[in-house]
Every structure is written in C-alpha cells, then in structure tokens.
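> Questions regarding the structure given below will be posed in turn.
The values are calculated or read from the model by the stated rules, or taken from the named source; none is laboratory data. Since we're looking at a predicted model, the values are computed, not measured. Cβ placement follows ideal geometry from the backbone for every residue including glycine, while neighbour counts extend to all protein chains displayed. We work out accessible area using only protein heavy atoms, side chains counted, and drop any ligands, DNA or RNA first. Shrake-Rupley method; radii C 1.70, N 1.55, O 1.52, S 1.80 Å.
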Amino acid sequence: MTVTLANPLREGLRLARTPEPACLVIFGASGDLTARKLVPALYNLALQHLLPASFAVIGSARRHMSADTFRAELHDAVAEFSRTRPINEEVWATFARAIDYVPTPDDSSYDQLRQVLARVDRDIGASGNRLFYLATPPAAYEPIIRAIGAHGLRGEGGWSRVVVEKPYGHDLQSAMRLTSVVQEVFREDEVFRIDHYLGKETVQNILVLRFANSIFEPIWTRQYVDHVQITAAESIGIEERAGYYDSSGAMRDIVQNHLLQLLALVGMEPPAAFDDRSVRDEKVKVLRALRRIPQDEVGALTVRGQYGPGFIGGERVPGYRKEPGVAPESQTDTFVALKCFIDNWRWEGTPFYVRTGKRLPKRSTEIAIRFRVAPHRIFTRKASEGLEANELVIRIQPDEGISLTFGAKVPIQGLRIRSVNMDFGYGESFMVDAPDSYETLILDALRGDATLFTRRDEVEQQWAFVDPILAGWHEGRPELASYAAGMWGPEQADALIARDGRTWRRP
Amino acid sequence: MATAVTVVDEAFWGTTATSIDALERELARLRRAAVAHAMERGQTLARASVLNLVVYAEREAQARRAARTVADLALRHPSRAIVLLADRDREGVVASVQLHCHVPQSGGGQPVLYEQILARVRGDFDERVASVVIPLLVPDLPVFLWWTGTPPSDARHLDDLATLADRFIVDSADFARADLTLPEVAQLARHRMGITDLNWARLTPWRELIAQFFDVPIWRPFLGGITGIRAGFAVDMDGHDIRNSQALLVLGWLASRLGWRPVEALAPAEAGGLLFRMQRADGAAVMVRLRPRFERGLDTGDVSGVRIQARVGSDTAEFVIKRAPDQRHATATAIVSGVVRAERVVPLPALGIRELLGEELAIAGNDHVYEAALAALMALA
C-alpha cells in the first residue's frame, strides 16, 4: 500500500479529519441502548454525510436472529427514536445494507464472528480498522473483552478500539480490575470510556466559555467566587431500570461520573492545548485535589435521600419503594447532596455544593458560580434590598445557555437597585439542532479522538472520592432521609447549605 | 426630507420615520412593546443581536424576497437587517431617503427580537447611500453585505458599502456568463472582506462527498492519477438558459486543490457545454467536460452529477456522484478495476437560500478554498 498523504480535498470542509473506513462491532445489539441511542446516532451521522465512504456495522448478542430480523428491528427503532423524523427510507436502505448480525450465545460462536469480520473487512476495504462497542450490562464486559482477545477479533494492520459504557465498575477495586482485564487486550489509548455528558455541546462549551474568553478566567478563583453549585435534577423516576438502579443509586449513577466531570471542568486549570492528553491531565489533577470526605465526616457533609409518594406536574406518583422491581425496604439513594472542597491554590476554602435527584420538581442540569458581594457597600441598605450577589449560571439542559445576574438602578427618581439578568440562549443564538451526544462520541471514537472520554486515572480518582462516602453510608451515617416526590429533596439538604448561611438555587 | 412619490407598502415594511433619529426612537418603542407583549405571555425576550445585515436590491420584488429570507434567518442569527432599495439612475426622480422599520413577531417557539429597516434611496443614490447606512449599524457587530444580482465591476456605491462590510454575499447562480463574471467576484477581494458565494455553499455537500472517496486510504492514490472529469449541470428545457457557474466552481476547486494547470479550451460537442484540457502536476493530461442537461426538478445551473476517472499503474477507477431522479438524494459509487466497491445513497436536498445563508453566516472568516478556486478559474478564462 502506498503511504497516504493528507487528502488535499479536505481543506475548508467541516471536518478536517473524517473517520477511516471501519467496522463497528456492537455487543449487546439486541439491547435498549443500541436501539435508543447507538443506531439512531449512526443513522443521523449517515444523514449528515459524516460516516466514512465504506463502513459496516456488525451487531452481536446472545439472542439468535437473522440479520434481516435485526435490520428490521433497527429500522423500527430509528423510526421511533431518531432526533430527525420521519426516517429517510432511501438513506436507511443503503445504510442497512452494511448491517450484519452474528449471535454469540457461547464462547465458540466468537470464531464465527471473526470470520464474518474478516469477510466484511475485505469487502469494504476497512484495512482491519475495528471499533468494538460494549453496550451490554456490565457483567458481560469482562467475558466479551477476553473473547475479543482469545478469538483474535482484533484486525490485522488497522487499528482496534473499544468503547466501554457506564457504569465502569461499582467501586475503585472493581474499576481497577476491569481496567486490568481490558488491558489484557487493549492499550489504554485504545480504550474509550463513555460519559455521555461530555458529548453534550453545552458541556464542551464550559471549556470554551472559560478558556476562549479573557474576562472570566481572572475572576474564576477563591478571591471572587463565594461558592459553586452543581445541580442535576430529574423529574422522572427510575422507569424500567429498577434492576440496575436499585443496586447502584444516585451516587454511582450520576455523581461518580457526570457530576464529578462537571466539577472537574469547572474547577480545572487551563490546559496547554485542546487535546486528549492536556485536557485529561488537568481534569485528573483537579480530581486528585478534591478533598476526600473521611468516613467520620460523611454524616456532616453528605445527604442521602429517597423519594416517597408525591406529585409531579400535577400527577400522583408512587414512592421509590413502590416502584416495580424495587425491594420494599430498599436503602438505595435517589437523591444526593454533598459539600466538597478542592484543595489547591485556586479554590482553597471555596465550597462546591453538588446535588442530584430523581423525582425532583423539574428536569434541570446547571452549574452556578456565585460571586462574592461587593467589598464595600456605598448604597443604603434600603436602596439595595433587592440586590443579590452576582451569579453566572451555565444551563446544560434544558434551555442550554448562560446567564449573568448583576445589579441595576431601577429607572425611577431616587435610588433603588435590583438584580437583573443578562441572558444568552443557545437556541436563540444559533438555532441549530445540537447533535445528540452519542453522535459526537461515536464519531470521535471512530476518529480516535479521546478528549471527550474518561481516562483510566480519571475513573479511579472518581471512585476514590466516592468510595469512602459509600462506606460511611453503609455504616448508617447519615440516615437515609426521605422526601416527597416533586420537592427539591429532603430538608437535610437545605440544612446542609443553610449551615453556611447560603441557600440552594431554584433552577 | 422630500416626500416620496411612490407609496411603499407599509403593511410589509412598517411605519415610516422622518429621520434616522426618529427611526431609532421608533425602534426603541417597538422593542419595548414587543418585550411587554412577550411578558404578558410569560415569555422573556432578549435582544440578542449577532450581526448587521445590509441587503442591497434594485427592485422592490428582490428587496421583499430578501427581507422574507432575512426574517426567517433571524431565528438563527438575530440581527438588525437594513434593506437598501435603490432606485438608481431614474431621471427626474427627486433625491430622497425613505425610512421604514418594524420588529417582526416570530410565530411560536422562542421569541427573538429582530429589527428590520427599509431604506429606500432614490435619485442620485451612489453618493449618499453609505451616509444612510453608517448611522444605522449596531456598533461592534460584524456587517454582512448581501448583494442581490450581479455586482458591478467598478462602482462608487459598491465600493462605499464594501468598505463598511466584513463579509460580502453574492449568488453566482444569477450570473449569466459565469466564466466572465466569476473573475469579477475574485476582484472584490481587494476590499479585504470575506466573500461568500451562495452558489459555492450549494456545492459544500458535493465537495464533502467527493472528498470522502479519497479519505479511504487505498483509494487516495487515485487523486494523483485523475485522467478525466465530467460534470453535468441543469438547463431549462430549451437549453437556452446556460448558467454554468456551479460546474465551473467544481472544476476550479479540483484544479486548485490538485495543482492542475489549464492548457487549452476546446470546442465542445454540445451547445452551452465546455471542454478543457488541463495538465496535472506530473504533466499528464486531464480532460474536462462540463455538459448542460435538462433535469426535471433541478434549478438551472445546479450540478446534476460528477464523474471522476483515474488510472494508477494498471488500476483504473471511477468515482461517481449522481443525483437521484427524486432530486433529494444522490448515489455515491466507487468503481475500482470495473468492480463496484462502495455504493450508498445520501440525502442531497436542494438547499433553500435560507439554509445556504444560514450555513455561511456561521463561518466568520475568509474562505481561502473558494478564493483559490476562483483564481484557478481566472487562469482558465
């Protein structure tokens, strides 16, 4: 093969680098994630001309079914879950031609998969490039990875990469063990651990806001910031995920991955470059500086809650323990609030309050930077009654955008000051449909760009922070508090922040 | 200010104002009213301007069409639009400036504030036009100048407006003799502003699809071995309306990216077609044929298909992109040594002017690739 130079026709086009021809192998192909997220994302990439000119998808799962049945199921899934509708049948038809299915009910069936991969590879000229996607329940990760190694599923000549879905382990020890199994077959730079929050446009925009502007960074320190609040509120319950959720809870499901990622992006130092190594190095540094909560302080610095019956949007909803599939005496946390500190020069003494919960009044993910009040008060108390400290709010979902509150004079005779809002909304300013985070992440994995994926040491730092809290909870500290569905969590959460003379924002 | 003779449709263009100050006062009043109206419905209304858009038109129909596009576009790029309607060179017309403004209400969804001003300048337009535009521009925001029709090659009013602009937008699909007028567009670069040709924007999906063939490492060597290019472009049924600017831009793009030099223009077999012999960097010849074809459902001038033939050693290859008869899709096929190696159908809808402009407005810098394509075409002319 001739040595290939850069493609001169690429210049000036949207993607400076597109994925090379490749085979995508999805394990867990008969599952929910494949139907709801992965295949709709692939189809939308095809619609936008973003997939390579030759590309194939091979689904695999325990279930026996024909490739035709598999394609038909995916067709219906795309028709139902794609962000663009209705389904474009012409595009689907040629896309579906490149989809195959190989059942892997037992170890020996992986040989069959290897043969199919070799054939497809030859047909489409993928030069051995393979992306393995683990979309199975976590218990299947290890056997599948071992089978990839044992049956020689890695291609020859090209690259092989593996995408691992969350949850990545259920504590530090299991995460480290999973990593050691993964590394029997893949090098660390071939491992793409997904945290789909990182694929969201607004999350990437935290870095743009902080590091492409010169006005925010100088005040992004303990001198100017009073505290930071990170909220991920969901109004839904656990839907059909009781089996998984009841054994994990909000701490493992949301805090360990998504919220600690947001915290890292807000708290990190400026990276030297926007590439996978620089960005992730900085994230790891800040996670390492995140003060561990010792077991004897867990009672004071954390709140765990579980929702009881209540109302959401006027509808009566059952309590967590009455949800189908949940044990009637379940101790699982559906709400978490934490107060934590980053022990470094920039953030010394600045509290970060973090909370997440299910069955809260509305769906909202946001980061609020609360600044200190003006150092010297020149206006009378009466004049500045309605004035609050400046606040910068990064809204991640829904209504993505950024707003800044500041004081302004009320335009009447005499002096009254009130807080007003300066608002930037993505929707209004760009009016484009943001791509789904899975589109961004699958494309990045195909291109080998790991910036938006979680590195081994990041995952380990996250678990190292979460493990002692879970251990404290295991000892019964603090007590599991209950809250009515449709309220902003248990009153202990309000008390946690009220002790410092502060209050939670109402998102 | 002199009174206007002809009546402008106030229902469309909004209230009249007697001076620029009065116009600004009126806009402020309209903004407040819109905010109050939104608040009554429990919505908030932000004045999120991202750019000034100046539209130059010489006929009211053009101005209206542009205004409608701009209003649609405002949902994506909130802006202040200044539509200049120029009644130029009309003898006996009293020189006058007529101003109208309104704040259109967007229907449904997120309300966005968008301001539209019509400045109808009559009589000796050329000298006074910039003095009308300058005070109306929102400070610190980029100025985009959209020129409907063919830009004149040497004209004071264009020069004056161009000095204000950061970006100049034309649509070379409207050019009758593109082989002669496209080089004029290249000349506009002297104003040191970015140039956007909507017809170039129409080619973006074509460029993406062509480039993708050569993203495949085993096919990339064929880029250096191209022997022939054929491109079809749509004409009307009688074959009279020849607008070859899009097909020429495809050629200019390939030639500039791959370092081809023009050798000679040959007489084409069919009327309205173009036939060139070009030379690759290694000296081998590339035959280029641009053919007019009648295609139902395609706008005149739109490219209907591109076929790239190549040979490397004893291997031959053909890369073909062809619009499907439904005119909403294209088939991209790679044939290597006579065997179809990849074939797929991709969406290729005809983009409306709104999508094109919206896409281009998202890019703020200069498009060097377009300028290089124009330069390659100048060498051909």
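Conditions (1) under 30 Å from A:P19 (Cβ atoms); (2) among the hydroxyl-bearing types (S, T, Y); (3) open to solvent by less than 30 Å² (accessible area, probe 1.4 Å); (4) in contact with a Pro (Cβ under 9 Å, 6 or more places away or on another chain), marked per residue:
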| position | (1), (2), (3), (4) |
| --- | --- |
| A:R455 | yes, no, no, no |
| A:Q462 | yes, no, yes, no |
| A:P468 | no, no, no, yes |
| A:A484 | no, no, no, yes |
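> Examine the stretch B:310-317 for a residue that is touching a His at 6+ places or on another chain (Cβ under 9 Å) and not acidic (D, E), and state whether such a residue exists. Reasoning before the result, please.
Restricting attention to the stretch B:310-317, the residues satisfying the condition of being touching a His at 6+ places or on another chain (Cβ under 9 Å) are none.
Within the stretch B:310-317 (the criterion being touching a His at 6+ places or on another chain (Cβ under 9 Å) and not acidic (D, E)), the answer is no, since none of the residues qualifies.
> Run B:A269 past the list (1) open to solvent by 50 Å² or more (accessible area, probe 1.4 Å); (2) away from chain A (no Cβ under 14 Å); (3) part of a strand (DSSP E or B) and report the number of the one that doesn't hold.
It is condition (3) that B:A269 fails.
> Looking only at residues that are touching a residue at least 60 places away in the same chain (Cβ under 8 Å) and β-branched (V, I, T) in the stretch B:301-329, which one is surrounded by the fewest Cβ atoms within 10 Å (Cβ to Cβ)?
Once the filter is applied, the top-ranked residue is B:V312.
> For B:A332, only one of the following conditions fails: (1) aliphatic (A, V, I, L, M); (2) more than 9 Å from chain A (Cβ to nearest Cβ); (3) within 24 Å of A:P8 (Cβ to Cβ); (4) crowded, with 18+ Cβ neighbours inside 10 Å. What is its number?
All conditions are met except number (2).
> Take the stretch B:204-219 and flag every residue that is within 7 Å of chain A (Cβ to nearest Cβ), more than 17 Å from B:L248 (Cα to Cα) and of a type in the set (A, V, I, L, M, F, W, C).
B:L209, B:A211, B:F213, B:F214, B:V216, B:I218
> Something else: Check A:I412 against each of (1) of a type outside the set (K, R); (2) surrounded by fewer than 17 Cβ atoms within 10 Å (Cβ to Cβ); (3) within 30 Å of A:P218 (Cβ to Cβ) and name the one condition it does not meet.
Failed condition: (3).
> Scan the stretch A:64-85 and report the pairs whose first residue is within 18 Å of A:D436 (Cβ to Cβ) and whose second residue is open to solvent by 60 Å² or more (accessible area, probe 1.4 Å), with Cβ atoms within less than 6 Å and a gap of 6+ or a chain change.
Close Cβ pairs (under 6 Å, with a partner that is open to solvent by 60 Å² or more (accessible area, probe 1.4 Å)) amount to A:F81/A:R36.
Residue by residue, here is whether (1) among the charged types (D, E, K, R); (2) touching a Pro at 6+ places or on another chain (Cβ under 6 Å) holds:
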| residue | (1), (2) |
| --- | --- |
| B:L145 | no, no |
| B:S153 | no, no |
| B:D159 | yes, no |
| B:D166 | yes, yes |
| B:A176 | no, no |
| B:E184 | yes, no |
| B:Q187 | no, no |
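> Mind checking which residues of the stretch B:310-329 are of a type outside the set (A, V, I, L, M, F, W, C), more than 10 Å from chain A (Cβ to nearest Cβ) and in contact with a helix residue (DSSP H, G or I) (Cβ under 6 Å, 6 or more places away or on another chain)?
Within the stretch B:310-329, just B:R311 meets the criteria.
> Can I ask one more? For the stretch A:20-49, which positions are open to solvent by less than 10 Å² (accessible area, probe 1.4 Å), part of a helix (DSSP H, G or I) and touching a residue at least 60 places away in the same chain (Cβ under 8 Å)?
If the condition is that a residue be open to solvent by less than 10 Å² (accessible area, probe 1.4 Å), part of a helix (DSSP H, G or I) and touching a residue at least 60 places away in the same chain (Cβ under 8 Å), then A:T34, A:L38, A:P40, A:A41, A:L42, A:N44, A:L45 are the ones that fit.
> Conditions first: (1) more than 14 Å from every other protein chain (Cβ to nearest Cβ); (2) assigned to a helix (DSSP H, G or I); (3) within 18 Å of A:A46 (Cα to Cα). A:R83 passes all but one, so which condition is the exception?
(2)
> Identify all residues within the stretch B:272-300 that are buried (at least 18 other Cβ atoms within 10 Å of the Cβ) and among the hydrophobic types (A, V, I, L, M, F, W, C); write none if there are none.
B:L274, B:F276, B:M278, B:V286, B:V288, B:L290, B:L298
> Regarding B:L223, is this residue aliphatic (A, V, I, L, M), farther than 30 Å from B:G358 by Cβ and open to solvent by less than 30 Å² (accessible area, probe 1.4 Å)? Don't jump to the end; show me each part of the working.
Details: aliphatic (A, V, I, L, M): yes; farther than 30 Å from B:G358 by Cβ: yes; open to solvent by less than 30 Å² (accessible area, probe 1.4 Å): yes.
Taking the combined requirement at face value, the residue satisfies it.
> Another question, if that's okay. Looking at A:P138, is it farther than 30 Å from A:D399 by Cβ, surrounded by 14 or more Cβ atoms within 10 Å (Cβ to Cβ) and not hydroxyl-bearing (S, T, Y)? First the steps, then the outcome.
Working: farther than 30 Å from A:D399 by Cβ: yes; surrounded by 14 or more Cβ atoms within 10 Å (Cβ to Cβ): yes; not hydroxyl-bearing (S, T, Y): yes.
When the stated conditions are applied, A:P138 passes them.
> On to the next question. I'm trying to understand the selection: among the residues of the stretch A:173-190, which are among the hydrophobic types (A, V, I, L, M, F, W, C) and touching a strand residue (DSSP E or B) at 6+ places or on another chain (Cβ under 6 Å)? Write out each step before concluding.
Restricting attention to the stretch A:173-190, the residues satisfying the condition of being among the hydrophobic types (A, V, I, L, M, F, W, C) are A:175-176, A:178, A:181-182, A:185-186.
Passing the criteria: A:V182, A:F186.
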